[in-house]
Amino acid sequence: MRYLFVSAQLTGHLDWGGYLATAAALQRRGHEVVWASGVAVKAQVTAAGVPFAPLGETGWRWPPPPPLTRPADMPESEWRHVRGERALDQWLDPPRVTAAVDALAAVAATVQPDVIVSEMFVVAAGFVAERIGKPLVVAGWPAVAPQSTAGDALTQSARARLERLLATMGCQGVNFTVTGPPALCSPHLHLTFWCERWYAGLSLLPQTRHVGALPLDPLPADPALPSPDDRPWVVVTLGTTFNHDPAFFIAATHAADQLGCLPILLLGRTPEPDGVDGWLTRLPKTAVVRSHADFRALLPYAAAAIHHGGAGTTHALVRAAVPQIVVPHAADQIHQAQGLTRTGAGLHIPPKEVTMERLTAALAAILPDLAPVRAQVVLLRDDLAALGGIETAADMLEPTCWK
């Protein structure tokens, strides 16, 4: 079969717990696989053994615009709406999505895919799949039962954007939600790399399938770091996108240091101690600062993590059975925080509530060997492993009825 995978041009959008790895598994099985995205991720895709097709536009706005500043006299309700519209601009801006549809359609005309597989935030995939009459699969996100929020002004604005796009594309919207907030919704298959318990309490549609993940395959512990037997390792990161929050980094590293742990800060970019990162001098002297790290040499030996709730980071930590404290810094990250809370495998602290004292107390609660959260994260890791992970995902993408 021929598969066309699509993603935004960011590292995190290749992951979702196993997205790029699934494409690579299909490639190894002898299928024809092409990954379409912005050139910024070409090296990572080709390193995984997957052929790459560049898109001049994916529909995902990057880099993002400058942060908004709230006028002093703006009511809270109006401020929430303005911020919501800015979030929509990130992935549902009609001119940008229209250009992305044109770019992806050109790739699809060359690839002639039997199936289009997309992550949740590339809505162009839904339009192109409908236009060429091929099934769409959404990876990394469940199909959630529709909830009508007709009275919500932001939802009405978002649906108006979708309606304009549908009219422009001449599509009926078979790959989108029909009520409530607009989103990709495949009638065929949604793959999550979690398990049913992760979504407990949510009403999921029957096309959702959970494939889990195998435990993180460890490498020897990073020899450049002090032994975790001497000072327990606590990983602190905000990933590679929303990683400019000195107050968070300072509070989290000091919390770890106060409890006798080794704070390991993964900055997600090259540190600039003489520039924008002058705040690094305010970290505890014990703190280790790096741009990135191989999770396989770090997470299996970590005692805890304090992070943003990125899908890939959260997933890797669960696979390594590391208890977590999540401080979401972007809209989709709240879903990981909620999943950890539902399963008891981690704690969630809203960004506005972060203080060194709050983080210290939370970290003290999850560090002990007999802490309930430690037992729960082990159970969650085992639940994911029982489902099979990447090979199960590849199995589910091979139905002969799609040929």
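The values are calculated or read from the model by the stated rules, or taken from the named source; none is laboratory data. Because the structure is predicted, anything quoted here is derived from the model rather than measured. Positions of Cβ are backbone-derived with ideal geometry, glycine not excepted, and every protein chain shown enters the neighbour counts.
Observations
- Hey, Pro206 in the same structural domain as Thr58 (by TED's automatic domain parsing), under 27 Å from Val101 (Cβ atoms), out of contact with any Pro (no Cβ under 7 Å at 6 or more places or on another chain) and part of a loop (DSSP other than H, G, I, E, B) or not: no
- For region 25-35, the candidate set comprises residues that are touching a residue at least 24 places away in the same chain (Cβ under 8 Å) and surrounded by fewer than 19 Cβ atoms within 10 Å (Cβ to Cβ); within that set, the residue that is nearest to Ala213 (Cα to Cα) is Arg29.
- Hey, Thr241 modelled with pLDDT under 95 and crowded, with 16+ Cβ neighbours inside 10 Å or not: yes
- Taken as a whole, the structure leaves Gly18 outside the set of residues that are within 20 Å of the chain's Cα centre (by Cα), crowded, with 18+ Cβ neighbours inside 10 Å and on the phi < 0 side of the Ramachandran plot.
- Of all residues in region 371-403 being in a loop (DSSP other than H, G, I, E, B) and farther than 17 Å from Val318 by Cα, the one that is modelled with the highest pLDDT: Leu397
- Qualifying residue in region 359-374 (condition: over 26 Å from His329 (Cα atoms) and charged (D, E, K, R)): yes
- Summed over region 285-328, residues that are surrounded by 24 or more Cβ atoms within 10 Å (Cβ to Cβ) and part of a strand (DSSP E or B) total 7.
- Matching option when the condition is in contact (Cβ under 8 Å) with a residue 40 or more places away in the chain, outside the structural domain of Gly312 (by TED's automatic domain parsing) and over 20 Å from the mean Cα position of the chain (by Cα), among Val111, Val122, Val128, Val144: Val111
- Taking helices (runs of 4 or more DSSP H) as the structural unit, those lying wholly within region 1-119 and holding at least 1 residues that are touching a helix residue (DSSP H, G or I) at 6+ places or on another chain (Cβ under 6 Å) and closer than 29 Å to Ser157 by Cβ correspond to 76-91, 94-111.
- Considering only residues in region 346-356 that are in contact (Cβ under 8 Å) with a residue 40 or more places away in the chain and part of a helix (DSSP H, G or I), the one that is nearest to the chain's Cα centre (by Cα) turns out to be Pro351.
- Only one of the numbered conditions (1) in contact (Cβ under 8 Å) with a residue 24 or more places away in the chain; (2) out of contact with any strand residue (DSSP E or B) (no Cβ under 8 Å at 6 or more places or on another chain); (3) closer than 16 Å to Ser7 by Cβ; (4) of a type outside the set (Lys, Arg) is violated by Gly38, and that is (2).
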